[in-house]
Amino acid sequence: MTDTDLAQFRESTRAWLADNFPASLANKMLGYERISDPEMAQQLEVWRQKLAEQGWGAPTWPKEYGGAALSQPEARVIAQEMGKIGAMNPIPLLAGMGVTMVGPTVLEYGTDEQKQKHLPGIASGEVRWCLGLSEPNAGSDLASLATKAVDEGDYFVLNGQKIWTSGADISQWCGALVRTDSNAKKRDGISFVMLPMDQEGVQTKPIRLIAGASPFCETFFTDARAEKADLLGDLNDGWSVVKRLLQHERQSQTSARGAPTNKADSLQEVAKKYVGTDGEGRLADADLRTRIANHLMDAQAHGLTVARITAEARGNPKVSAAASILKNSATKVAQTKSELTMELMGNQGIGWEGDHFTADELNNVRDWLSGKAISIYGGSYEVQNNIISKNILGLPAKSWVTEQSPVLKFRQMRDSGVELKYTPTTWNAMVEMGWTGILVPEEFGGSDLGYLTFGVVLEELGRQLTASPLFASALVGTSAILLAGNDKQKQALLPKVVDGSEILTLAVDETARHAPAQIALQATASDGGFKLQGEKTFVMEGMAATTFIVAARTSGTAGNEAGITLFCVAADAAGLTRAPIHTVDSRGHAHLKFDDVFVSADSVLGQVDAGYADLQAVLDRASAGLAAEMLGTAAQAFDMTLEYLKTREQFGRVIGSFQALGHRAAELYTAMELARSCAEHALQAIDSHADNLAEVCSLSKCRVGEFLHVMSNQLIQIHGGIGMTDEFDAGGTPVGIAVQELMKYAGVETDHIAIRTSYYQGIDKTDNQVQVHNLGYLLEHLNYDNSVLIVDDVFDRGRSIEAIISELERLTRRNLPKDIRIATVWFKPEKNVTALSPDYYVHETNRWLVFPHELDGLTDEEVRGWLMASEVTLLLERYKQGDTGAFNALAELIYPQLKSMAQRRTRGEGGLGATMLVNETFLKLLSGGELKFEDRQQFFALAASIMRQVIVDEVRYVTAQKRSGSEHTFTDAKIADPAHEEAEFLLQVDQLLEHLERDDEQLARVFECRYFAGFTTAETSEALGISTRSVERMWASARERIAALMQDSTR
């Protein structure tokens, strides 16, 4: 659809709304309560029918299913135009979960019969749907559901309970997630069925929330029936269906469903009403003003991200984490708005009922309270962060910039003291690749590819802090010539910009603060031209520029926008002097002095006294370009941090597996996606000559700059002390720095470069191929007669160093240095899988290491625990290789651990009970000189199972002896539960646990570990590989299930 087509559709939409929308419904919202006003209810029903006839209840659905077969842009136009007049679309609300979740999922997974049966009623708003997903003991872990559906011929018979089923008490249909195969793995035995709510086997109970009225219910299925024809998707493949359904839910929560845009409810209006304004009509409270502005920028960034991700995902139905990003972003926007609204209202924001408060004030309070749940429903904020951190944390591959212009070159240039602040080699390469002509029209030798394309280049340059005048000349300076220059000026300058012989830059600032209207540098008419008198400071690439575009005052005084004129001034003009300013970004800034510098009238860009508008337009484009460059820097910081989270080990685990750090990475990724949306939108707006260009460019620079600030701080925070070292960027370590400093002290000249490798994907998980990064500098400088020392803190498997040497051999060929040696602090020979070995090392060990200098801060118990884990793994490997002595060493290592467990199982009373339990368990674990486990986790799990077996066998034996009249010195109470239950009771528990095993194996394993083995929560977590929080929840659930089974068995 063309822009013209969309404009025509917009006009026809406006006309239809003007003819059909009841004005009395403007800015009215349909809540979950039934409408008590009969007249309003009638008007709403008429409005619903008209929308349904148009197919606008679900405008993008096919017409045969009640939609209008419109495109996404057309659907957005409808929403926008309805919002402008305060018109709500009641159908998505009347249909409950139908339009936003059930319908789209039926369109993808349903049969033709299912689509024809269910979709028209949803699209018209005549049939309301709810969803039965969450259960009391499952929470966000949907796969732990217990509701069962048993095959009964043409029907499934459902029994179980659902919770948080929105609108269940007023819905006609329900989509439910049920277990159809109890013997399959928990995600494999699930199906999605649709069933009518008006049947005897379905009961609902409303849940009251802190906000008062609530859409949520408990739903109980007691022999409820669902036709097999209403099975959505394949049997036992409901997990695939619900994943897609939840993605639709999260997407639906990225904006308010059917909500009109009510100007009276805007934060700005609320602020003016309750806080008041100053003499200039601005909000009187400056802090609130700033926070409201930040919120509005967040809201706009979210909207841009919705549009960008929607466009990128078009035609790609694959389940991704994009919906999670949008859901978390929408949550922040909605909750922040409610919080600000409450703060603005002051005491009027604490009302609950009564005449002292208006209806709007009471609604705002309830919206604020109910909004607390936004970060929970549809998958909690933490669940969304899990999805993001697990699925999509990865960014672009290396480019020309990575290999040819790494950060190392920037650092060397910075430290060299040169004035130009870039290397001619780098600049010439950029010119040859055509980057200098991206914005220049073809008639002047450029490619005219536009600002969005330029943004891609700037982002890559930002990733490596590449030093060059490209931004100052090919974007800022070129923009000024394109916007304000005449044909003669364009012909004179632009071809030279393209071939790199002309370097342009903008000279505008005169003080430490950026304030274009405060320009005071005077341009006085003289001899048919102008004489410039004054100073400019912080002129970017001022030492390299050949032509300055100078903003000077030709009339008026500082502070006036009128009276500013733009001039082209040659860098070698008489009376112009420049001096370098050394800044932290090393951009080659300069301070310029103009002492009666004469320029001809032909040097004027645009109109005399009217240059401010052109200057602002140039600065807008500069802001957008700078945002793209900053985005690259921030993205690189994120990539480095992500790589560190994937590869850095602490306490025997990669640190990215710690939930706190994983969630932090997810939050940063979400923020980066929002910033990217702003940056790309600004560049696209320039290319499309958008009317709100100044606004979107400011938004872009503000949001990206803010993210870069946060990301750079997190880069250092997550990396710790190494993040503070100057050479950190390429992954250099303190060991390498120390070696270089030692050599320098000894009088040995070195050239130190940090190299990074990546292949580690988690404990005992690696890629087949090691990736080597940042070799560009070495390849450029290495010669055959050089000596190379490769330094690493730990030489473990040796694969990283082997890959580095292999890459050097492949890429340097005859220039491969004749002398390459390896040095390390810790050498682990038994882990080495290569033919290499270090030439120098300080320690040799085969014990577990995190990083040898970071054991500080661990408790003695933590150190002993992790050392045991490492020792168990090492001994197992030695045993597999035929070392018979490893068996005895392993026995000595694990016996004390078993003894501790056994004593805990018998409450530390020792005696025959604990001794027997540990001995029996120990013998079964190591029976016949054969190991029954592969690692520490299997050791725990197997120990729990054997302890249960020993306990039950012994109790059975004791019971049999008592019945036969024989005596037995063993006290069964000691080996039973610490509560000393009777033997018959314990045997009954064992039988019921077998029943639970068939129903939910993992729940049974938790019960086994906690009850029979007496494991702690932490030990159970390690044995089963699940979180401690899950252990606690499942332990409680398992006790309830066993108790219920026991009660059933006594009936």
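Only one of the numbered conditions (1) part of a strand (DSSP E or B); (2) farther than 30 Å from Ala334 by Cα; (3) at pLDDT below 95 is not met by Glu200, and that is (1). Hey, any hits in the stretch 547-554 for a residue that's more than 18 Å from Ala480 (Cβ to Cβ) and in the same structural domain as Gln533 (by TED's automatic domain parsing)? No, every residue in the stretch 547-554 fails to be more than 18 Å from Ala480 (Cβ to Cβ) and in the same structural domain as Gln533 (by TED's automatic domain parsing). For the stretch 588-597, does any single residue satisfy the condition of being over 18 Å from Gly477 (Cα atoms) and either modelled with pLDDT under 95 or loosely packed, with under 13 Cβ neighbours inside 10 Å (or both)? Yes, the stretch 588-597 contains a residue that is over 18 Å from Gly477 (Cα atoms) and either modelled with pLDDT under 95 or loosely packed, with under 13 Cβ neighbours inside 10 Å (or both). Here the stretch 258-287 is the region considered, the condition is being outside any loop (DSSP other than H, G, I, E, B), modelled with pLDDT of 70 or more and among the hydrophobic types (A, V, I, L, M, F, W, C), and the residue that is nearest to the chain's Cα centre (by Cα) is Leu267. Number of residues in the stretch 432-445 that are assigned to a loop (DSSP other than H, G, I, E, B) and surrounded by fewer than 21 Cβ atoms within 10 Å (Cβ to Cβ): the value is 4. Here Thr565 meets each of (1) modelled with pLDDT of 95 or more; (2) of a type in the set (Ser, Thr, Tyr); (3) closer than 30 Å to Ala467 by Cβ with one exception, condition (3).
Residues in the stretch 522-569 that are part of a loop (DSSP other than H, G, I, E, B) and among the β-branched types (Val, Ile, Thr): Thr546, Thr554, Thr557. Note on the stretch 58-139: enclosed helices (runs of 4 or more DSSP H) holding 1 or more residues that are without any contact (Cβ under 8 Å) to a residue 60 or more places away in the chain and either buried (at least 19 other Cβ atoms within 10 Å of the Cβ) or out of contact with any strand residue (DSSP E or B) (no Cβ under 7 Å at 6 or more places or on another chain) (or both) are 72-84, 103-109, 112-124.
For the stretch 59-77, indicate whether the set of residues that are among the small types (Gly, Ala, Ser) and on the phi > 0 side of the Ramachandran plot is non-empty. Taking every residue of the stretch 59-77 in turn, at least one turns out to be among the small types (Gly, Ala, Ser) and on the phi > 0 side of the Ramachandran plot.
Restricting attention to the stretch 543-562 and to residues that are surrounded by 24 or more Cβ atoms within 10 Å (Cβ to Cβ) and among the small types (Gly, Ala, Ser), the residue that is modelled with the lowest pLDDT turns out to be Ala545. When we screen Glu460, Glu502, Glu510 for residues that are assigned to a loop (DSSP other than H, G, I, E, B), surrounded by fewer than 24 Cβ atoms within 10 Å (Cβ to Cβ), out of contact with any Pro (no Cβ under 6 Å at 6 or more places or on another chain) and in contact (Cβ under 8 Å) with a residue 40 or more places away in the chain, the only hit is Glu502. Listed by first and then second residue, the pairs with beta-carbon distance under 6 Å, at least 6 apart or on different chains, first residue in the stretch 584-596 and more than 17 Å from Ile549 (Cα to Cα) and outside any strand (DSSP E or B), second modelled with pLDDT of 65 or more and not β-branched (Val, Ile, Thr), are Arg587/Met540.
Number of residues in the stretch 174-191 that are out of contact with any Asp or Glu (no Cβ under 6 Å at 6 or more places or on another chain) and touching a residue at least 60 places away in the same chain (Cβ under 8 Å): the value is 5.
Comparison of Ile686, Ile655 shows that the only residue that is at pLDDT below 85 and not assigned by TED's automatic domain parsing to the domain that holds Thr757 is Ile655. Being outside any helix (DSSP H, G or I), within 41 Å of the chain's Cα centre (by Cα) and either exposed (fewer than 15 other Cβ atoms within 10 Å of the Cβ) or of a type in the set (Gly, Ala, Ser) (or both) is the filter here, so list the residues in the stretch 802-834 that pass it. Within the stretch 802-834, Ala823, Val833, Thr834 qualify.
Does Ala1013 satisfy the condition of being among the hydrophobic types (A, V, I, L, M, F, W, C) and free of Cβ contacts under 8 Å to residues at least 12 places away in the same chain? Taking the combined requirement at face value, the residue does not satisfy it.
Test Val150 against the stated conditions and say whether it is over 36 Å from the mean Cα position of the chain (by Cα) and either within 30 Å of Arg1033 (Cβ to Cβ) or of a type in the set (Ser, Thr, Tyr) (or both). Here the answer is yes, as Val150 does meet what is asked.
The values are calculated or read from the model by the stated rules, or taken from the named source; none is laboratory data. It should be emphasised that the depicted structure is a prediction, and the values quoted were computed from it without experimental measurement. Please note: Cβ atoms are built from the backbone with ideal geometry, for glycine as well, and neighbour counts cover all protein chains shown.
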